Amino acid sequence: MDFLSDTVVLSRMQFALTAIFHMLWPVLTTGMAIYLVIVEGLWLKTRNPTYYYHARFWAKLYVLNFGIGVASGIPMGFQFGTNWAPLSEAIGNFFGSIIGFEASWAFMLEAAFLGIMVFGWERVNPVVHYVATILVAFGANLSTFWILTANSWLQTPAGGEMVDGKFIVKDYFQAVLNPFMPNSVLHMFTATLETSLFVIGGISAWYLINQRQPEFFTKSFKIVLALAIAVAPLQIYVGHLSGEQVYHYQPTKLAAMEAQWETIPAGQAADWSAIAFPNDQLERNDWEISIPNGLGYILELKPKLSEPVLGLKEWAPADRPHLLSLIYYSFRIMVAIGFFFAGLMLLTVVQWLRGKLAPESISQQRWLLRGWLFAAPLGYIAVECGWIVRCVGRQPWAMYGEIRTADAASNLPPGNVLTTLTLFSAVYTLLFFAALYFGSRVIRQGPNLDLPIPGVESKPAVNVEPGEFVPNQRPVEAQQ
Amino acid sequence: METLSYLLPQVWFGILALFLFLYVMLDGFDLGVGILSLTSSSEERRGILMTSLSNIWDANETWLILMGGSLFGAFPLAYSTILNALYIPIFIMLFGFVFRAVAFEFRERANRKFFWNFAFGAGSFLAALGQGFALGGVLAGIEVDAAGHFVGTTWDWFNLPSVLVALTLIQGYVLIGSTYLVWRTEGELQATHFRTAKLAAITTLVGAIVITIATPIFYESARSRLFDPPFVYIFALIPLLGIGLVALLWRSLSQKQDGTPLIWTILIFLLTFLGLALVVFPYIIPRSITIYEAAADPSSLTIMIIFIGALIPVMLFYNLYQYFVFRGKITSGSYGE
């Protein structure tokens, strides 16, 4: 148990734990915000109350997630200073200002308009409310942009140079537009949207399986499906581009993702390993199944690569990532989930085209709906796996090629970090189960279809206005 | 260029002071209401207290995130040294925030609310306590080496003056929380908070007087600043103005005025804040690191003025709009669903 007295390891564990936990909540809220914009827009356009009730129902889950996202997000921002002081000092010129931009551009916008979005239905007119919803979605996705910009810059630093151990920005826009940025932002944007779509779809499927309000939940199911037609294939493509970027900019990470020990020279057949037991001590895979020429096809769509794929042995053990099995399998799980989503989407579209998804008969599609229910948590797993590949795979670097993680950590008594790490583990476990409990309560309760609709005079149950005689018309009857 | 390297850090000192003041004012009443909720006599009352915050607590807290992020970008050395030195108070605050933030939604949905009530109140208290210790710790100074890195020990921040600052800050938060509730509630509940406001005004005043007297005694370095002209005149004026404002606050509370107690409290906060800023400036960590030593590269400071500074009026505007939308007395424990 040496690590219990190693501040660097403990600080890494704490950052990993808090980041993994934090990621669970904004991944849903940023994506679901877009769905809320869509249903509220449909309501304003068609004035069909169903869409209004969709906005209200899903917002309940939204706000539940949002609170935990905020609660777990604040420790992220402060940990850079508490646990990674040397890193913060070295990269503050760029990285710190980006965190400042994120707070001023994105967090504040989202936080201020969330109040109106959640509690303001009766207080502002529907168009103003819609603007608030749009700004919440915009703010949430803007945070994705800034935080991925900051992280991408750590992966592929650009736009300046290190002077006396501190990064000096020479060209701000080049630093923002660092090589990883555009694609990483898109990959994460698509990930939050895709995860949210399959969560909404999965929950809708649960209602449909149980034959609760099929009319209502067929709507959300189909909206989600329509979006997934674009999003699921897009994510596979964007993910592929990300892999190519890793190949070019972070060869140590690519080698770890593929558990590739030996260099494959250019022009030689590049096999793709599908399952392996990487052995860090002996520097080989104890056992593996590989697909001939697979890696060549994956990276360049041909059996033989035009550039070499460097193997892990090219670097000294201190200069390459470890925890290889974690990186290797996280990557494969993420990819598998991406393809599962696309497959499920295709299958469902086929049934849709065959007319099997009508509200009256959709519950007969039991296996398909069960597939969606099964898919509901998968997006989270894929996102977490992706981040593990991204951040464990870039080790031993905190700032790739410039600052080692071991040099980035604050010099703290290990006992301090161990205490906070233990507290985080306990508190976050509690919050996780509390969120599941309250979330499932919201779902079991279902949508409240008795809410008054803003801007529409609610009809009294009994019409008390004096009846007026109009010739050739039956007497006014009590409505509803 | 030379003037720029002085001017830019000064501008950022000003912006950060503004963010911190807005935070202390806004989340101050937010945390104060949270602490007061520990004494709520009924579930209904507690519900009203929480409803008075439900739409704004997140935006209020965001001023701290904004302050932290801007400090990180504008004064990286100060950000890393302060947070490194204050590991324990910062995490006390963070755990406090975690509990109070989740309590809003969880309490609303829970059948048995006891645990989340406690999480909300105790979380608010912990957050205020951590902030008080952090403020006290920074004001007392942080031990650094020649490069400005923290070289003290884990418990350096814990001493008599910082305990005093922490207790006074908590009283101040309870005071501004009470006056906020006087503004937002009516009837019995309002009457209760007229009383808590008066109590908190007394305890805050006592704390402030003790700190004012203790500062020149405990901190040799502050003495020269406090008693040298032209500062001596300003520092003589601040306590006088402060006592005047407390008298006005007392009168408005006695006359059961609705909104004015909050305004006087805000002015008291502002005055205290200006006094502190004058004692601290041009240091960012008193007596060890100046804003010029800690400042980021001028290119970063400039671009941050453009991209954050320009947004300040916009942020203020839509925050005010929020308050405008949710204006008026709160009479029930929820805004609807």
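Values quoted throughout were computed directly from the atomic coordinates according to the rules given, and no laboratory measurement underlies them. In this text the structure is predicted, and so the values were computed from the model without any measurement. All Cβ positions, even for glycine, are placed from backbone atoms using ideal geometry, and neighbour counts span all protein chains on display.
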Query raised in the report: Quick one: putting +1 on the C-beta of Lys and Arg, -1 on the C-beta of Asp and Glu, what dipole do you get for the protein assembly as shown around its Cα centre, in Debye to the nearest 20?
Result: 2180 debye
Report summary line: Excluding residues fewer than 8 positions from A:K302 in its own chain, the lysines with Cα under 17 Å of it are none
Report task. For A:S361 and A:D280, calculate 0.36 nm times their separation in residues minus their Cα-Cα distance, and state this gained length in nm to one decimal. Result -> 23.7 nm
Report summary line: For A:R354 and B:F114, extending 7 Å from Cα along the Cα-Cβ vector and measuring point to point gives, in nm, a value of 5.6 nm
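Where does chain B land at 222 nm, in deg cm²/dmol rounded to the nearest 500, when only DSSP H runs of n ≥ 4 count, each adding -39500 (n - 2.57), divided by all residues? The partial results should precede the final answer.
Details: 14 runs with 264 residues, N = 337.
Using -39500 (n - 2.57) per qualifying helix, the result is -26500 deg cm²/dmol.
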Requested in this report: Compute the separation of the alpha-carbon centres of segment B:49-105 and segment A:261-276 and state it in Å as a whole number.
Outcome: 48 Å
Query raised in the report: Taking the inverse of the average 1/r across all pairs of different Cα atoms in segment A:321-465, what Kirkwood radius in Å do you get?
Result: 20.9 Å
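Rounded, prolate or oblate for the protein assembly as shown? Axes are the square roots of the Cα gyration tensor eigenvalues, ordered a ≥ b ≥ c, and the cut-off for rounded is a/c under 1.5.
Details: a/c = 2.13, a/b = 1.09, b/c = 1.95.
Here the protein assembly as shown falls in the oblate category.
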Report summary line: Listing B:Y323, B:Y23 by rising number of other beta-carbon atoms within 10 angstrom, fewest first, gives B:Y323, B:Y23
Query raised in the report: What FRET efficiency, computed as 1/(1 + (r/R0)^6) with R0 = 60 Å and r the Cβ-Cβ distance, is obtained for A:E122 and A:A316, rounded to the nearest 0.05?
Result: 0.40
Query raised in the report: Put +1 on the Cβ of each Lys and Arg and -1 on the Cβ of each Asp and Glu in chain A; which of A:L357, A:S5, A:V389 then has its Cα farthest toward the positive end of the dipole?
Result: A:L357
Query - Distance (nanometres) between label positions extended 7 Å along Cα→Cβ at B:L267 and A:D164 - result: 4.7 nm
Report summary line: For B:F218 and B:A277, extending 7 Å from Cα along the Cα-Cβ vector and measuring point to point gives, in nm, a value of 2.3 nm
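For A:A90, what charge total do you get from the other residues with a beta carbon under 10 Å from its beta carbon, if Lys and Arg give +1 and Asp and Glu give -1? Mind dumping the intermediate values first?
Working: positive: A:K166; negative: A:E89, A:D164, A:E402, A:D407.
So the environment of A:A90 carries a net charge of -3.
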Query raised in the report: How far is helix A:126-155 tilted off the main Cα axis of chain A, in degrees rounded to 10, range 0 to 90?
Result: 10 degrees
Query raised in the report: Among A:A103, A:F78, A:N65, which residue has its Cα positioned farthest towards the positive end of the charge dipole of segment A:1-118, with +1 placed on the Cβ of Lys and Arg, -1 on the Cβ of Asp and Glu, and the dipole taken about the Cα centre?
Result: A:N65
Report task. Using only Cα atoms, find the angle between the long axis of helix B:2-37 and the longest principal axis of chain B, and express it within 0 to 90 degrees, rounded to the nearest 10. Result -> 20 degrees
Report task. Counting helices only, and only those DSSP H runs with n ≥ 4, report the 222 nm mean residue ellipticity of chain A as the sum of -39,500 (n - 2.57) divided by its residues, in deg cm²/dmol to the nearest 500. Result -> -21500 deg cm²/dmol
**Report entry** Partner aspartates and glutamates for A:K166 [C-alpha distance under 20 Å; skip if fewer than 8 residues away on the same chain]
**Finding:** A:E89, A:E402, A:D407, B:D145, B:E293, B:D297
Report task. Kindly express, to the nearest 10 degrees and within the range 0 to 90, the angle between helix B:160-184's C-alpha long axis and the longest C-alpha principal axis of chain B. Result -> 40 degrees
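Return B:S5, A:S11, B:S124 ranked ascending by Cβ neighbour count within 10 Å, so the fewest neighbours appear first. Provide the component values of the computation, followed by the final result.
Working: B:S5 13, A:S11 24, B:S124 30.
If I rank by nearby Cβ atoms, fewest first, I get B:S5, A:S11, B:S124.
Would you tell me the mean number of C-beta atoms belonging to other protein chains that fall within 10 Å of each C-beta in B:85-96, as a whole number? Mind dumping the intermediate values first?
On the way: counts 4, 3, 12, 4, 0, 6, 10, 1, 3, 13, 6, 0.
Per residue, the number of nearby Cβ atoms from other chains is 5 on average.
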Requested in this report: Give the residue from B:A201, B:F281, B:F13 lying farthest towards the positive end of the charge dipole for chain B; charges sit on Cβ (+1 for Lys and Arg, -1 for Asp and Glu) and the dipole is referred to the Cα centre.
Outcome: B:A201
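Please identify every one of the chymotrypsin sites (Phe, Trp or Tyr not before Pro) in segment B:120-165 that sits in a loop by DSSP and has no more than 12 other beta carbons within 10 Å of its own beta carbon.
Numbers: sites: B:F120, B:F125, B:F133, B:F150, B:W155, B:W157, B:F158; in loops: B:W155, B:W157, B:F158.
When the chymotrypsin sites (Phe, Trp or Tyr not before Pro) of segment B:120-165 are filtered for loop state and at most 12 Cβ neighbours within 10 Å, B:W155 remain.
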Query raised in the report: What is the packing order of peptides B:310-319, B:49-58, taking the mean over residues of other C-beta atoms within 10 Å and listing the highest first?
Result: B:49-58, B:310-319
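Does segment B:97-200 come out rounded, prolate or oblate, given a ≥ b ≥ c as the square roots of the eigenvalues of its C-alpha gyration tensor, rounded meaning a/c under 1.5 and, failing that, prolate meaning a/b above b/c? List each step's numbers first, then the result.
Values: a/c = 3.52, a/b = 1.73, b/c = 2.04.
In terms of gyration-tensor shape, oblate.
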